[in-house]
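Down below is the structure, laid out as C-alpha cells.
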Amino acid sequence: MPRKLVLIVIDGLTPAMLENAVESLNVPALRFLMESGEYRRAVTTFPSLTPVCLSSIATGTHPDVHRIPHLVWYHRGEQRLVEYGSSFSAIRAAGTTRAIRDAIFGMNEEHLSPRTVTVFEALEAAGLVTAAVNMVCYRGPARHAPTVPWLTKPAFGPTRFFYYNLFESDVTGAPLAIRTRARGSVDEYARVVGRWLVTRDGFDFLVFYLPDYDFASHAAGPEGAESALAHADRAIGSLLEAAGGPDAFLERYAVLLCSDHGQTRVEEAVRLEDDFDGFRLFRPGNGRHAELVVTASNRAGMVYRLPGSRSSSAELAERLDGNGHVVLYREDGTGVARRDGDELRFAPTPDGWDMSGAEDVLSQPDALQRAWAALGNPNSGDLVVSAAPGLEFADLGGRHHVGGGSHGSLEQGDSEVPMISVGIGAPPARIVDVTPRVLEHFGVSHAH
Ligand SMILES: [Zn+2]
C-alpha cells in the first residue's frame, strides 16, 4: 500500500510570495515541506479563477472537459446568469438565493460535467477513503445531510466531507465565523478539522483547501498578505503536529502543495459592458430582446451572442481594440487571439499547433493549450477576454480590487503557481497534472 496523501491548496498564493516567505518569514511548516521535497513553478488553467482552477485540480482536466467556465457566466440552457460569488454585491445583483444555490450545489451537481471524474470519485470507486476540507469542487459518492436548517437538500462528496460547516461528515468541534473572514476564520476552521482528521488518521487522501490567503491578497495586493500566509502555515503546522511532528507526518503521508492561481496588482478597474455601448445587453431579471450577455469579474470576461445578435464574434472582438486585452474567439474551427488589432490564428494538430499571425499575442505560459481549452468549453462565451496587465473588470455589483490584487487572465503573474511535492515524485508542471499524479500514486486508473 502506498503512503497516504495530503493535497494542500493555498488559494491565490504566488510562487514569488512562497519563495520569499520560506527565506524570510515565520512559516516553519511551509519551510519544512519545501526543504523535505522538490519545488517548481507550475501553470494553472484559464480563466485563472478559483472555481475553474479548483475544478481543474479535482478532475485533472481543463474547462473544455470539466465545463466550469468562470466565476460568473451565462447559462444558455436556462437563459440566466450563474454567479458563484465574485463579491457580496455581485451575489445580491444575481439574486442571493440563486447564487448561494449555484455555489453550494449547482456547480458540483449540474455544471461540472457528468462525463469528467473527480479525484474523489476515482479513489472512492477503488475502495479508498477520501476527505475534503472546504474544497469547492467536491463531487463524490457519499451523501451528506446539511448541518443548517436553511439548506434543504443533501450534498454528494467524499466520505469525510467538511464544507464551511454547512456539511460535516463528523463532529469535530471546529468553530466557524464567516464574519471574521479577514482575520483568517475559514482557515482556522480548516486547521481544527484537519487536526481532527490527522489525529484519527481518518483518510487515505485529503484535500486541505485554505481560502483566506486569496481573500487577504485581493485586499492588500500580492506582496502584502504576509500575515494571511502565516495563518495558512499555522493550519498546515497543526496537521504536522497532529501526526506527532513533521517527520512522523512525512512517514505517514506524501504531500502535494500548490495554489489554484496567482495574483497580480490592480491599478485600474473598467466595466467590460462599456465597450458594448449601443447593444441591447442582458441584465439579471431583464433578458427580453437582449442580443448580448457580458459577464466579467476579476481579470477575465465573457461575451455571449444571443440568437438576435447582429454582430459576428470578429466584429465584437474589434470593439475591444486599444484596451490591451487578449480577446479569444473561434472562427471556422480555428482559434483567434486578438490584441489591439494584432491577430494570431491557432489550432491543435496531432503533433503541435498550427499558427499564423502575431505569435506574441499568446506568449503567456502554456497559453495556446489554455486558450484553446477555454474556447472549447460549451459554457464559455463566444468571446473570452483576458484582461490587460494592471486592469480588472468590475463585477455585477460594481466591485473591484483597485489598489490590491486580482487574477483571471492568461498573464504570467495570474497563471503561475507554486508546486511542492514530497514523497510523490517530481512536482507536476501543471495543475491539471495533479489528479493524474494522485491516481498514479494510488495505482488507480483515470477513467474519463
Ligand atoms: Zn482562488
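Please find, in a Gaussian network model of the chain (springs between Cα atoms separated by less than 10 Å), the residue of 305, 271, 200 whose mean-square fluctuation is greatest.
Evaluated over the chain, the most mobile residue of the options is 200.
Per residue, how much accessible area does segment 1-113 have with a 1.4 Å probe, in Å²?
Accessible area per residue: 34 Å².
Mind checking the full-extension length gain between residue 16 and residue 223? Use 0.36 nm per residue of separation minus the Cα-Cα distance, one decimal, nm.
Taking 0.36 nm per residue and subtracting the Cα distance, the gain is 73.7 nm.
Please compute the per residue accessible area over segment 281-321 with all protein chains in place, 1.4 Å probe, rounded to a whole number of Å².
It amounts to 43 Å² per residue over segment 281-321.
Could you check the spin-label model distance between residue 446 and residue 76? Points 7 Å from the Cα along Cα→Cβ, value in nm.
2.7
Quick one: length gained pulling residue 171 to residue 109 fully straight, 0.36 nm per residue minus the C-alpha distance?
19.8 nm
Per 0.36 nm of contour for each residue apart, how much would the distance between residue 351 and residue 125 grow if the chain were fully extended, relative to their Cα-Cα spacing?
78.0 nm
Helix 15-24 versus the longest principal axis of the chain: what is the Cα-based angle in degrees, 0 to 90, to the nearest 10?
40
Using the Kirkwood radius over C-alpha pairs as Rh, can you work out the diffusion coefficient of segment 1-123 via Stokes-Einstein at 4 °C, viscosity 1.567 mPa s, in µm² per second?
In µm²/s, the coefficient rounds to 77.
Between residue 286 and residue 310, how many nm apart are label points set 7 Å from Cα along the C-beta direction?
2.0
Output the 0 to 90 degree angle, nearest 10, between the alpha-carbon long axis of helix 185-199 and the longest principal axis computed from the alpha carbons of the chain.
40
Show 295, 159 ordered by accessible area, largest first, where the area counts protein heavy atoms only and the probe is 1.4 Å.
159, 295
Where does helix 226-242 land angle-wise versus the long Cα axis of the chain, in degrees 0 to 90, nearest 10?
Once rounded, one gets 40 degrees.
Compute the orientation-averaged projected area for segment 302-367 from the convex hull of its Cα atoms and round it to one decimal in nm².
Averaging across all directions leaves 5.2 nm² for the Cα convex hull.
Could you check how much of the accessible area of the chain is carbon and sulfur, as a whole percent, using a 1.4 Å probe?
47
Sort the following peptides by mean Cβ neighbour count (other Cβ atoms within 10 Å, averaged over residues), highest first: 388-398, 49-59, 434-444, 374-384.
Result, highest mean first: 49-59, 374-384, 388-398, 434-444.
Per the Debye formula with a single identical scatterer at each Cα and no solvent contribution, what log10 I(q)/I(0) holds for segment 194-289 at q = 0.11, 0.12, 0.13, 0.22 Å⁻¹?
Once normalised to I(0) and log-transformed, intensities are -0.56, -0.61, -0.66, -1.12.
Find the centroid of the Cα atoms in segment 223-283 and in segment 359-376, then give the distance between the two in whole Å.
Segment 223-283 and segment 359-376 have Cα centres spaced 23 Å from each other.
What spacing in nm lies between the two simple spin-label points modelled at residue 89 and residue 199, each 7 Å away from Cα in the Cβ direction?
Simple spin-label model gives 4.3 nm for this pair.
Quick one: among 26, 298, 286, which has the greatest mean-square fluctuation in a GNM of the chain with alpha-carbon springs under 10 angstrom?
Comparing 26, 298, 286 in a Gaussian network model of the chain, the most mobile one is 286.
In Å, what Rg and Dmax follow from the Cα atoms of the chain?
21.0, 66
Quick check: net charge around residue 119, other residues with Cβ under 13 Å of its Cβ, Lys/Arg +1 and Asp/Glu -1?
-3
With a cut-off of 17 Å, note down the residues of segment 203-221 whose backbone N falls inside the zone around a label point 7 Å from the Cα of residue 1 toward its beta carbon.
Answer for this model: 203-206.
The values are calculated or read from the model by the stated rules, or taken from the named source; none is laboratory data. Owing to the predicted nature of the structure, the values given are computational and were not obtained by experimental measurement. Reconstructed Cβ throughout: ideal geometry from the backbone, glycine too, with neighbour counts over all protein chains shown. All accessible areas refer to the heavy atoms of the entire protein, side chains included, with ligands and DNA or RNA removed. Shrake-Rupley method; radii C 1.70, N 1.55, O 1.52, S 1.80 Å.
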